[in-house]
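What follows is a short report on a single structure.
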Amino acid sequence: MRTLWTIARYTFLQQIRNRLYLVVALFAALMMGASLLLGALAADQEIRVILDLGLATTEIFGLVAALLGSVTLVLEEMETKTIYLILTRPLARPFYLVGRFLGLVSAVWASMVAMSLFHVLLLYLKGWETDPQVFIAFPLMGLKIMVMTGLTVLCSLAFSSAPTATVFSLLFWVMGHFGPELKFMAEKSGGATVALAGVVQAAIPNLTILNLRDVLDVSWSAPWPIARAAAYAGLYTAACLALASGFFSRKEF
Amino acid sequence: MSSVAVSLNSVSKVYKRSHLGRTTLTPGVADIRFDVAEGEVFGLLGLNGSGKTTTLKLLLGLLFPTSGDARVFGHPAGSREAKKSLGYLPEIPYFYRYLTGREVLSFYGGLSGLAPATLRQRIDHVLAEVRMTAHAHRPMREYSKGMLQRIGLAQAMLHDPRLLVFDEPVTGLDPLGLREMREIIHKLNVGGKTVLFSSHSISEVEKLCHRVGILVKGRLERIVERSEWTTGGKSLEDIFVGTVDPEGRRS
């Protein structure tokens, strides 16, 4: 466990020192600019617009940070050969992979927390009346980013190419938001398409259950949809990391 | 009787690469057999592409042998037990640019399973050994090549391993750096450590090694005892050239 903690801690430190603070700074600048602009344009809908814009921006910035971090998480170490000095230490390869993953996810989550705090502060400054559902949206977004990080690490090891891994991850991201639509279209087509769509749907992450807008009756007093979403995100990510470990264990350097 | 630190028994490696459905096979090393006794300094000499780095990577578990058996202190190469007892310095050590020298050592020490108190003590010790104490708080991106090599050496010695594996440890070092590296390897050996290293530098190898293995096109052509170049009437360079180019085609 100590080696896992060591890898996660230094990956976190590396990510924060590397580029993640820039993502947060850019977010803050964008949100401040947008709030000033929209203040003039949106009239009585200003808070609503800032709320939606802030949530979407936090998720997109989190996704960009997670994708950039995870496509290079192991590949960069292979290219720069820093991995030599790690894999010649007495640790199991899956431990290295999981440690790197945990460090990256923690760093992205930390940046998302900073963005969310800034977002909420801006809302209060504009006279926002607290809506508890917004505070459910934040952890769900974090889970979505965790799923995408796991999936992108898997893609990067399966394809051994950062551009290919990025393209596939973005494709999965889009498809993951259109699962029900995909199923509907397959059912309309009939035949083998239904079975094929079933397989595709099982493989791609179901990101709709981590979208607050797609889940009805979510509140702190009825926590089951949140618990179900968290369990799904955890299991899906664990499956991605298990597969990624399989690829990684057979890699030569 | 001293124990065997390294043992390679008929080890071969064929690189297999697949691209667009086509598989190409490239021989790396073939039928490598040699042992290194505990406490010995063993050098691997060879021209570029002769298989020196491949041999070392097979021992370290970075490559998997196509056939044969490689062991470190009796444990299969690449196993946790084997890795516990070795320290490795690659040809050009690469580090995390955003970490300081001390942080890098703390990171590698943590991965080697050193307890925090021991780790702090060992970091201070190895930093002093490689004369880097004064620079330990600077980020690695500010280090010169020589400083990176010293930190590389420090991380290899950090967990006090019984075997040190160095890949081209003197490449690119200035005369002072060369001398310091030679002194460190000598000191490690006097302290009971086994050292296995590859090199192009015949002069360094002949000063440091008890035995030398000469690799030619992926095969271990000859193992030379120290007495052969100290009292045998031929320099190590003559022996090496005579082995890699017996017909004198390159001269």
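The values are calculated or read from the model by the stated rules, or taken from the named source; none is laboratory data. Computed from a predicted structure; not experimentally measured. Please note: Cβ atoms are built from the backbone with ideal geometry, for glycine as well, and neighbour counts cover all protein chains shown. Accessible surface areas use protein heavy atoms only, side chains included; no ligands, DNA or RNA. Shrake-Rupley method; radii C 1.70, N 1.55, O 1.52, S 1.80 Å.
A compact table of results
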{"item": "Contacts under 8 angstrom Cβ, first residue in the stretch B:131-148 being of a type in the set (D, E, K, R), partner surrounded by 12 or more Cβ atoms within 10 Å (Cβ to Cβ), 6 or more apart", "result": "B:131/B:150; B:131/B:180; B:138/B:100; B:138/B:101; B:141/B:97; B:141/B:98; B:145/B:172"}
{"item": "Yes/no for residue B:12 being in contact (Cβ under 8 Å) with a residue 40 or more places away in the chain, crowded, with 17+ Cβ neighbours inside 10 Å and in a strand (DSSP E or B)", "result": "yes"}
{"item": "Residues (of a type outside the set (A, V, I, L, M) and more than 24 Å from residue B:142 (Cα to Cα)) located in the stretch B:99-129", "result": "B:112, B:113, B:116, B:118, B:121"}
{"item": "Hits in the stretch B:217-244 - residues which are out of contact with any Asp or Glu (no Cβ under 9 Å at 6 or more places or on another chain) and open to solvent by 30 Å² or more (accessible area, probe 1.4 Å)", "result": "B:217, B:221, B:222, B:223, B:225, B:227, B:228, B:231, B:233, B:238, B:241, B:242"}
{"item": "Pairs, first more than 8 Å from chain A (Cβ to nearest Cβ) and assigned to a loop (DSSP other than H, G, I, E, B) in the stretch B:81-101, second among the charged types (D, E, K, R) and open to solvent by less than 10 Å² (accessible area, probe 1.4 Å), C-beta under 9 Å, six or more apart", "result": "B:91/B:167; B:91/B:168"}
{"item": "Long-range neighbours under 7 Å by Cβ, at least six apart or interchain, first residue more than 18 Å from residue A:59 (Cα to Cα) within the stretch A:26-43, second open to solvent by less than 90 Å² (accessible area, probe 1.4 Å)", "result": "A:38/A:46; A:38/A:49; A:38/A:50; A:39/A:46; A:42/A:49"}
{"item": "Subset of the stretch B:182-209 [over 17 Å from residue B:226 (Cβ atoms), of a type outside the set (Asp, Glu) and open to solvent by 10 Å² or more (accessible area, probe 1.4 Å)]", "result": "B:184, B:187, B:188, B:191, B:192, B:193, B:200"}
{"item": "The lone exception for residue B:47 - which of (1) among the aliphatic types (A, V, I, L, M); (2) within 14 Å of chain A (Cβ to nearest Cβ); (3) surrounded by fewer than 22 Cβ atoms within 10 Å (Cβ to Cβ) it fails", "result": "(2)"}
{"item": "Residue match in the stretch A:160-183 (condition: basic (Lys, Arg) and without any contact (Cβ under 8 Å) to a residue 60 or more places away in the chain)", "result": "yes"}
{"item": "Any chance residue B:37 is at pLDDT 95 or above, more than 14 Å from chain A (Cβ to nearest Cβ) and open to solvent by less than 20 Å² (accessible area, probe 1.4 Å)", "result": "no"}
{"item": "Scan of the stretch A:5-35 for residues that are among the hydroxyl-bearing types (Ser, Thr, Tyr) and either modelled with pLDDT of 85 or more or open to solvent by 60 Å² or more (accessible area, probe 1.4 Å) (or both), ordered by number", "result": "A:6, A:10, A:11, A:21"}
{"item": "Boolean, residue B:161 is under 30 Å from residue B:66 (Cα atoms), surrounded by 15 or more Cβ atoms within 10 Å (Cβ to Cβ), within 19 Å of the chain's Cα centre (by Cα) and more than 13 Å from chain A (Cβ to nearest Cβ)", "result": "no"}
{"item": "Lone unmet requirement of (1) within 30 Å of residue A:12 (Cα to Cα); (2) in contact (Cβ under 8 Å) with a residue 40 or more places away in the chain; (3) surrounded by fewer than 17 Cβ atoms within 10 Å (Cβ to Cβ); (4) among the hydroxyl-bearing types (Ser, Thr, Tyr) for residue B:171", "result": "(1)"}
{"item": "Options B:121, B:149: the member that is open to solvent by 30 Å² or more (accessible area, probe 1.4 Å) and more than 9 Å from chain A (Cβ to nearest Cβ)", "result": "B:121"}
{"item": "Single unsatisfied condition, residue B:198 versus (1) of a type in the set (S, T, N, Q); (2) without any contact (Cβ under 8 Å) to a residue 12 or more places away in the chain; (3) not in a helix (DSSP H, G or I)", "result": "(2)"}
{"item": "Residue that is polar (S, T, N, Q) and more than 21 Å from residue A:5 (Cα to Cα), where the choices are B:85, B:112", "result": "B:85"}
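Residues checked against (1) open to solvent by less than 10 Å² (accessible area, probe 1.4 Å); (2) of a type in the set (Gly, Ala, Ser):
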| position | (1), (2) |
| --- | --- |
| B:66 | no, no |
| B:69 | no, no |
| B:72 | yes, no |
| B:75 | no, no |
| B:79 | no, yes |
| B:86 | yes, no |
| B:99 | yes, no |
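Matching residues to (1) at pLDDT 95 or above; (2) out of contact with any Gly (no Cβ under 7 Å at 6 or more places or on another chain); (3) among the basic types (Lys, Arg):
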| residue | (1), (2), (3) |
| --- | --- |
| B:131 | no, yes, yes |
| B:136 | no, no, no |
| B:139 | no, yes, no |
| B:173 | no, no, no |
